[in-house]
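Here's the structure, in structure tokens; my notes come after.
The values are calculated or read from the model by the stated rules, or taken from the named source; none is laboratory data. The structure presented is a predicted model; accordingly, all values stated were derived computationally and were not measured. Cβ placement follows ideal geometry from the backbone for every residue including glycine, while neighbour counts extend to all protein chains displayed. When the accessible area is computed, the model is the full protein with side chains, heavy atoms only, and any ligands, DNA or RNA have been set aside. Shrake-Rupley method; radii C 1.70, N 1.55, O 1.52, S 1.80 Å.
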Amino acid sequence: MIEAILRYEFLQNAFMTGILIGLVAPLLGVFIVVRRLSLIADALSHVTLAGIAASLLLEKKFLMFSGLNPLYMGMVFSVGGSLFIEKLRGVYKHYQELAIPIILSGGIGLGVIFISLADGFNTDLFSYLFGSVTAVSRADLWTILAITITVAIVIFLLYKELFLLSFDEEYAKASGLAAKSIHFIFIIMVALVIAASMRVVGILLVSSLMTLPVAASIRIAKGFKQTIFLSVIFGEISVLSGLSLAYYMDLAPGGTIVIISVFILILAILIKKSGFRKIA
Amino acid sequence: MAGKPVIEIKGLSYRYERETVLDNITLTVPENAFLGVVGPNGSGKSTLMKLILGLLKPQHGEIYLFGQEIRRFKNWEKVGYVSQKANSFNTGFPATVFEVVSSGLTKKMGLFKFLKKEDKNKVSKALESVGMLEFSFKNIGELSGGQQQRVFIARALVSDPELLILDEPTVGVDAHNVNSFYQMLGDLNKNRGITLLMVTHDIGTVSDKVTHVACLNKTLHFHGNTEEFEQLERNGLSEIYGHEVHLLDHHHEHEHGGVTR
Ligand SMILES: Nc1ncnc2c1ncn2[C@@H]1O[C@H](COP(=O)(O)OP(=O)(O)OP(=O)(O)O)[C@@H](O)[C@H]1O
Ligand SMILES: [Mg+2]
């Protein structure tokens, strides 16, 4: 395995992005889950898909767009979608979750229109739907590295503000925290991480990498910092063992990673049930 | 001993969508006061607290905190808050009691600062003052409702506020702990000079601690010191203001500030 990684650049790219995503998706995922925003990740991933379809369409129809990395357009759509969700949440104050199906179906609708305009795509789009490790380029790797570093630093610096906002939004506002700005930064980070993760696990499975490791860790962790720590560990285990297993057994990497996360989740539930108390 | 006003409210009105819930409220809370706010359900007590905390924006009237117009007020770390709904937070939240109380220091510490040794000592001291120190490293969701409420009180105290706003803080806290809690509030008010504003349904129990009482039911029906309030009550206040219970049922002597109507 190590030899193969050293030999093939595509494997290096795959494992490096895997390690980065395994860190940043659960790290941000903890805040998404405790704020009960898990579905936002799903909605945004579908908007990202629309962006990718748009990019592929432009590439097919106009020569000047050939060579444009669809990841960028996906990110633009994702960030745009996240801002739109915020607007909708403001409009439907008492039905904030309505914003999610609106954006989700809007994203799919746009995506389908772009696909039909292009008279269908080749396997390219398929690789974005389910993830394709072989498709990860060096350029993708650098983009994902930049996003990971940025997000990790922002979370580190704004940790106590993000914690307060997640735990008790009203109290955060009452203590004069710039809740709106913090939330805005947060939602932009979510949009970026979703766009970054889709190369590895695919649009359809992105949200699972942000939520499953957290769901497992919440069962057994004590305190918030430990929840973050365990989530990242579970995320890395899933990604690394998933990629290796997929490589040896010639399975779809995205699916393998997610199934391993589910497996870890089941273990966590069983451990807790069997009376094995919280680790100190 | 009536000091300069900590809170000044002038002609304040507020309505949600259509319904007016606060009508032309004028109220001054002097420094060092312990004001008990009473009123039936739906009388606008929580709404008034949220307005004072800047969580809601009034349609009419003005609010001054520490002499500053509320929209320009920045020193929110001077204000502690225990909300009425404190125990309806997400109980599955994976945070320890210690982490929750530390979050009360967020504003005071400022951006990009991390918890130092002395901050941790403050957190422990706040937990000790509500008798919850031994639960420091339990997850907040593993505590009973009353214990959680005491943790939220510790969170409000940890930043050494000069003004403490409490909206029915003792809901779900047992009688023994309610008494020691009121004792603690009395101490904070007398010995540390903290100004207190507390919404409560059992003014009778705290009547020897509060210095002033405000009766609210959309409008301010009464605002004055405790003795005047007792007098008014003997003259049938309950009927005017629609509260069927006896608000004060024992006598006591204590010093208090002047009338601030
Ligand atoms: N978010 C809201 N939207 C619309 N109306 C509201 C809202 N919150 C409160 N109200 C209304 O405002 C009025 C005052 O509510 P408020 O919560 O201030 O009462 P309260 O005095 O705190 O009552 P309680 O003793 O039950 O806590 C009530 O009639 C209530 O129906
Ligand atoms: Mg209330």
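Order B:H223, B:H201 by their accessible area, 1.4 angstrom probe, all chains in place, largest first.
B:H201, B:H223
Answer rounded, prolate or oblate for the range A:1-153, using the Cα gyration tensor with square roots of eigenvalues a ≥ b ≥ c: rounded when a/c is under 1.5, else prolate when a/b is larger than b/c, else oblate. Kindly include the intermediate steps, with their values, before the conclusion.
Details: a/c = 2.35, a/b = 1.23, b/c = 1.91.
It comes out oblate by the Cα gyration axes.
Counting helices only, and only those DSSP H runs with n ≥ 4, report the 222 nm mean residue ellipticity of chain A as the sum of -39,500 (n - 2.57) divided by its residues, in deg cm²/dmol to the nearest 500. Before the final figure, lay out the partial values.
Values: 13 runs with 225 residues, N = 280.
Calculated mean residue ellipticity at 222 nm is -27000 deg cm²/dmol.
What accessible area, in Å² to the nearest ten, does a 1.4 Å probe give for A:V190?
Its heavy atoms expose roughly 0 Å² to the probe.
On a C-alpha basis, how far is the centre of the range B:43-65 from the centre of the range B:173-192 in Å? Whole number, if you could?
If you average the Cα positions of each part, the centres end up 26 Å apart.
Given axes a ≥ b ≥ c from the Cα gyration tensor, I'd like to know whether the range B:106-193 is rounded (a/c under 1.5), prolate (a/b larger than b/c) or oblate.
Because a/c hits 1.5 or more and a/b fails to exceed b/c, the range B:106-193 counts as oblate.
So if I place +1 on the C-beta of Lys and Arg and -1 on the C-beta of Asp and Glu, and nothing else carries charge, what would the dipole magnitude of the range B:171-223 be about its Cα centre? I want it in debye, nearest 20.
I would put it at about 220 debye.
I'd like the carbon and sulfur percentage of the solvent accessible area for the range A:2-275, probe radius 1.4 Å, heavy atoms only, ligands and nucleic acids excluded.
73 percent
Would you calculate, for chain B, the mean residue ellipticity at 222 nm contributed by helices, counting each DSSP H stretch of 4 or more residues as -39,500 (n - 2.57) and dividing by all residues, to the nearest 500?
The per-residue figure over chain B is -8500 deg cm²/dmol.
Past the 26 angstrom mark, what percentage of all C-alpha to C-alpha distances in chain A do you count?
Of all Cα-Cα distances in chain A, 43 percent exceed 26 Å.
With the contact rule set at Cα under 8 Å and sequence spacing of 6 or more, what percent relative contact order holds for chain A? The partial results should precede the final answer.
Values: 407 pairs, mean separation 82.3, N = 280.
In percent, rounded to a whole number, it is 29.
At a probe radius of 1.4 Å, what is the per-residue accessible area of B:T47, in Å² to the nearest 10?
Only protein atoms counted, so the area is about 10 Å².
Which three lengths, in whole Å and largest first, does chain B cover when its Cα atoms are put on their principal axes?
Largest to smallest, the principal-axis extents are 52, 40, 38 Å.
Determine the gain in length on full extension of the stretch A:A4-A:V91; use 0.36 nm per residue of separation and subtract their C-alpha separation, reporting nm with one decimal.
Additional length available on full extension: 26.0 nm.
Output wanted: per-residue J couplings in Hz (rounded whole) for the range A:125-137, from phi through Karplus 6.51 cos²θ - 1.76 cosθ + 1.60, θ = phi - 60°, x for Gly and Pro.
Values per residue, Gly and Pro as x: 5, 4, 5, 7, 5, 10, x, 8, 5, 5, 7, 6, 9 Hz.
Where in the range B:177-205 does the amide nitrogen come within less than 18 Å of the point 7 Å from the Cα of B:S144, taken along Cα to Cβ?
B:177-182
Relative to the present Cα-Cα distance, how much length would full extension add between A:T150 and A:F184 at 0.36 nm per residue of separation?
10.7 nm
Compute, for chain B, the length of the dipole vector about the Cα centre, with Cβ point charges of +1 (Lys, Arg) and -1 (Asp, Glu) only. Units Debye, rounded to 20.
Computed charge dipole of chain B: roughly 1380 debye.
Sequence gap of 8 or more, or different chains, plus Cα separation below 24 Å: how many lysine pairs satisfy both in the range A:2-275?
14
Buried by at least 50 Å² relative to the chain on its own: which residues of the range B:36-83 qualify, computing accessible area with a 1.4 Å probe on protein heavy atoms?
B:L55, B:Y81
With every protein chain kept in place and ligands, DNA and RNA left out, what is the accessible area per residue of the range B:5-241? Probe 1.4 Å, answer in Å².
On a per-residue basis, 42 Å².
Placing +1 at every Lys and Arg Cβ and -1 at every Asp and Glu Cβ, with all other atoms neutral, what dipole size does the range A:2-275 have around its Cα centre, in debye to the nearest 20?
So the dipole magnitude of the range A:2-275 works out to roughly 660 debye.
Output needed: percent of Cα pairs per 10 Å distance bin for the protein assembly as shown, bins running from 0 to the one holding the longest distance.
It works out to 4, 17, 23, 21, 15, 11, 7, 3, 1, 0, in whole percents.
I want to check the label-to-label distance for A:D119 and A:S241. Put each point 7 Å from Cα in the C-beta direction and report it in nm to one decimal.
With each label point 7 Å from Cα toward Cβ, the separation is 4.8 nm.
Suppose accessible area is computed on protein heavy atoms with a 1.4 Å probe; arrange A:V34, A:V76 from highest to lowest.
On the way: A:V34 10, A:V76 95 Å².
Of A:V34, A:V76, the descending order of accessible area is A:V76, A:V34.
Based on the Cα atoms of the range A:185-280, what semi-axes does the equivalent ellipsoid have, where each is the square root of 5 times one gyration tensor eigenvalue, given in whole Å with the largest first?
In descending order, the three semi-axes are 24, 19, 9 Å.
Show me you know the interface measure: the accessible area buried between A and B, both chains summed, probe 1.4 Å, in Å² to the nearest 100.
Working: alone 13760 and 13040 Å², together 24160 Å².
What A and B bury together is about 2600 Å².
Need one number: nm distance between label points at A:L129 and A:L68, each 7 Å from Cα along Cα→Cβ, rounded to one decimal.
My value for the distance between the label points is 2.3 nm.
Under 15 Å from the Cβ of A:I155, count the other residues' Cβ atoms, weight Lys and Arg +1, Asp and Glu -1, and hand me the total.
Residues near A:I155 contribute +2 overall.
Accessible area, 1.4 Å probe, largest first: how do B:F135, A:F184 sort?
Descending accessible area places them as A:F184, B:F135.
Any idea how far apart A:V112 and B:R71 come out in nm if each label point goes 7 Å out from Cα toward Cβ?
For A:V112 paired with B:R71, the spin-label model returns 4.7 nm.
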